[in-house]
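What follows draws every value from the coordinates through simple rules; no lab data is involved. The structure presented is a predicted model; accordingly, all values stated were derived computationally and were not measured. As a convention, Cβ positions derive from the backbone with ideal geometry for all residues, glycine included, and neighbour counts pool all protein chains shown.
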Amino acid sequence: MAVHIDPTGTRIVVEGPDGPLPTQGMPLVRLSSPAGATATIVPDVGFNLFDWRTPGGLALLHHESDVLVGGSGTRSGIPVLFPFPNRIAGAEFEWDGRTWSLPHAHPGDPNAIHGFCAKRPWSDYEASGESAVTGTFRLSRDAADVAADWPGDLELRLTYELGDRGLRLVAEVANVDDHPVPFGLGYHPYFSLLGCHDLADVDIQVGADSFWPLHDSIPEGTVSPVTGDRDLRVQEPVGERVLDDVLTGLPPFEPGPDGLMRRAVLSGCGATVDMRYDSAFRDIVVFTPGNRASIAVEPYTCPTDAVHLQGAGQDVGWRSLGAGETWRSVVEFVVRH
């Protein structure tokens, strides 16, 4: 099956082997900018913005063909990773004198992965005009079956703001409990080939000078300098690189007037995307899926297994939000031609 979105972004058809399929009554939120950029969000699959197009119709994100008919919420568009990004080793951790046990990623995988909200429906969302929408995800309400597995209740309020040349993600995390609660946040955007026919021809640049060596997808505990294919500090083609790395050691934060700094660049045959983050995003995961039809460049506030790294005395960005406190962050993707 396949999802077809026309170049204007106004018509969506899901094709099965015997013809068009219904999207099971699944609501979609459509955004448009004054010049004709479009974006489509599917609230029932993690509030995932799975399609984003320039005014000329160039698709900037990749989505799997089954995203609207039961497919995974973490393999298309922009999965939202909260209250932790990537993995927690052993699917458990110590916090406030107690052991917290989490659901395993899947049978046979010893770790927890990607938080609670990327695959679940977000029922609370509201558009602001034609170009913005805000969704709210509360652990105790929207992930009630696993909320007791987390050390407290948090609410994530995420706003997508679409412009003619960019897409901004504004996140607000509120502690709605009566005691401190930990968290991390990440986004897992799957960018398209940006007009190229082969991933090898897409240029990439990420300013990180270090990475977290992994064992069975979990950091070993110390960082190492980037070398070889992991060294992306100079913009050059992806080529034949096979990447699945947690990069760190970004240059000192020097914000622009809006408080953001360019941290990574993807450049294809039809567009260039500058990735601008605020200072909260300290790590970037770069991942080349096996289908070679996309590349993920993922901003994280903390690395994989951050709760254990922080527990071992390392400052890795794992946060604890006090009762009643709110935290805010911004990520922006800017398109150049």
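Can you bin the range 104-169 into rounded, prolate or oblate? Criterion: square roots of the alpha carbon gyration tensor eigenvalues sorted a ≥ b ≥ c, rounded for a/c under 1.5, prolate for a/b above b/c, oblate for the rest. Since a/c reaches 1.5 and a/b is larger than b/c, the shape of the range 104-169 is classed as prolate. Annotation: amide H-H contacts under 5 Å for Met26 (H modelled 1.01 Å from N, sequence separation of 5 or more, or interchain): none.
Amide H to amide H, with H built 1.01 Å from N, Cys117 comes under 5 Å of Phe82, counting only residues 5 or more places away or on other chains. For the range 211-225, putting each phi into the Karplus relation 6.51 cos²θ - 1.76 cosθ + 1.60 with θ = phi - 60° gives couplings of 8, 9, x, 10, 10, 6, 6, 10, x, 6, x, 9, 9, 10, x Hz, in residue order, rounded to whole numbers and with x for Gly and Pro. Sequentially through the range 57-73, phi angles give Karplus couplings (6.51, -1.76, 1.60; θ = phi - 60°) of x, 6, 6, 9, 10, 9, 9, 6, 5, 9, 4, 9, 9, x, x, 5, x Hz, Gly and Pro residues having no value and appearing as x. Shape analysis of the range 32-133 yields a ratio of the Cα radius of gyration to the Kirkwood radius, Rg/Rh, of 1.09. Distances between placed amide hydrogens fall under 5 Å for Asp124 paired with Thr136, all partners being 5 or more residues away or on another chain. Say a site is exposed when it is one of the GluC sites (Glu not before Pro), sits in a DSSP loop, and has at most 13 other Cβ atoms within 10 Å; what is then the longest site-free stretch of the chain? With a cap of 13 other Cβ atoms within 10 Å, the longest stretch comes to 1-129.
Phi angles of the range 249-261 translate, via the Karplus equation with coefficients 6.51, -1.76, 1.60 and θ = phi - 60°, into HN-Hα couplings of x, 6, x, x, 6, 10, x, x, x, 8, x, 10, 9 Hz per residue; Gly and Pro are given as x.
Spatial offset of the range 191-255 relative to the range 285-327 amounts to 15 Å, using the alpha carbon center of each. With a simple spin-label model that places each label point 7 Å from the Cα along the Cα-to-Cβ direction, the separation between Asp244 and Arg165 comes to 3.7 nm. Contact order for the range 177-274, expressed relative to its length and based on alpha carbon pairs under 8 Å spaced 6+ residues apart, stands at 35 percent.
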